[in-house]
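Read the structure below first, then the notes.
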Amino acid sequence: MNRLTAAMNAHDLDAFVDCFAPGYRSEQPAHPSRAFDGRRQVRENWRSVFAGVPDFRAELVVSCDIGAVEIGEWRWSGTHVDGSPFSMCGVWVLGIEDGRVAWGRMYMEPVNRYDVDVDVDQMVRETYRPPQ
């Protein structure tokens with residue numbers, strides 16, 4: 001996690017990609033169609049991150065190492081090239097093999113900065129639909 005954070009904050013694409021195993025497997029369980037395999041896609045994704053958010057900053061809020069699995073809570077921030085704010089937060093669960101990330105499950109989401117968020121009562125009603 002610390003190597004990833006350092007590479008992200010340095011915008012060092014090569015160092016970032018080097019953190020991943022060649023056969024890296026990525027999943028985003030809340031968005032199954034975003035799954036992919038391989039470092040080539042890692043490179044393409046993060047090339048876009050650094051180009052689209054030139055002042056990208058990563059904060060590793062807390063992390064836990066459980067042997068071959070590392071879990072980190074992240075806050076990512078910056079400014080898009082069009083001047084609009086960028087902010088994401090969430091968790092990344094990583095499987096480590098031979099010192100590199102072999103697989104990952106990403107739970108990162110954009111932070112909603114607008115008044116379209118619903119309060120917890122409305123979210124519970126809409127998500128779980130309890131009988132009235």
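The values are calculated or read from the model by the stated rules, or taken from the named source; none is laboratory data. The model shown is predicted, which means the values in this text are computed figures rather than measured ones. Cβ coordinates were reconstructed from backbone atoms using ideal geometry, including for glycine residues, and neighbour counts include every protein chain displayed.
Go through region 8-25 and give me each residue that's aliphatic (A, V, I, L, M) and more than 15 Å from the chain's Cα centre (by Cα). So that I can check it myself, show each step before the final result.
The first filter runs over region 8-25 and keeps only residues aliphatic (A, V, I, L, M), leaving 8, 10, 13, 15, 17, 21.
Those that are aliphatic (A, V, I, L, M) and more than 15 Å from the chain's Cα centre (by Cα): ALA10, LEU13, ALA15, ALA21.
If you go through region 104-113 one residue at a time, do you hit one that is under 20 Å from GLN28 (Cβ atoms), surrounded by fewer than 16 Cβ atoms within 10 Å (Cβ to Cβ), among the charged types (D, E, K, R) and at pLDDT 95 or above?
no
For region 56-71, does any single residue satisfy the condition of being surrounded by 15 or more Cβ atoms within 10 Å (Cβ to Cβ), closer than 17 Å to TRP103 by Cα and not small (Gly, Ala, Ser)?
Yes, the conditions are met somewhere in region 56-71.
Might you let me know whether region 110-126 holds any residue that is part of a strand (DSSP E or B) and under 15 Å from PHE16 (Cβ atoms)?
At the first step, the residues of region 110-126 found to be part of a strand (DSSP E or B) are 110.
Of the ones still in play, those that are also under 15 Å from PHE16 (Cβ atoms) are none.
Looking through region 110-126, none of the residues is part of a strand (DSSP E or B) and under 15 Å from PHE16 (Cβ atoms).
Residue pairs, Cβ under 7 Å, 6 or more apart or interchain, first in region 2-25 and without any contact (Cβ under 8 Å) to a residue 40 or more places away in the chain and farther than 16 Å from VAL93 by Cβ, second among the charged types (D, E, K, R) and surrounded by fewer than 17 Cβ atoms within 10 Å (Cβ to Cβ). List them.
LEU13/ARG43; LEU13/ARG47; VAL17/ARG43
When you scan region 5-30, how many residues do you find that are outside any loop (DSSP other than H, G, I, E, B) and either among the hydrophobic types (A, V, I, L, M, F, W, C) or in contact with a helix residue (DSSP H, G or I) (Cβ under 7 Å, 6 or more places away or on another chain) (or both)? Break it down into steps so the answer makes sense when it comes.
Applying the first criterion (outside any loop (DSSP other than H, G, I, E, B)) to region 5-30 yields 5-10, 13-17, 20-27.
After this cut, where a residue has to be either among the hydrophobic types (A, V, I, L, M, F, W, C) or in contact with a helix residue (DSSP H, G or I) (Cβ under 7 Å, 6 or more places away or on another chain) (or both) as well, the list is 6-8, 10, 13, 15-17, 20-22, 24.
Matching residues across region 5-30 total 12.
In the set SER48, SER26, which member is modelled with pLDDT of 95 or more, among the polar types (S, T, N, Q) and loosely packed, with under 14 Cβ neighbours inside 10 Å?
Details: SER26 fails: loosely packed, with under 14 Cβ neighbours inside 10 Å.
Result of the check over SER48, SER26: SER48.
Can you name the number of the only condition in (1) closer than 18 Å to ARG3 by Cα; (2) modelled with pLDDT under 95; (3) not aromatic (Phe, Trp, Tyr) that VAL42 fails?
Every listed condition holds for VAL42 apart from (2).
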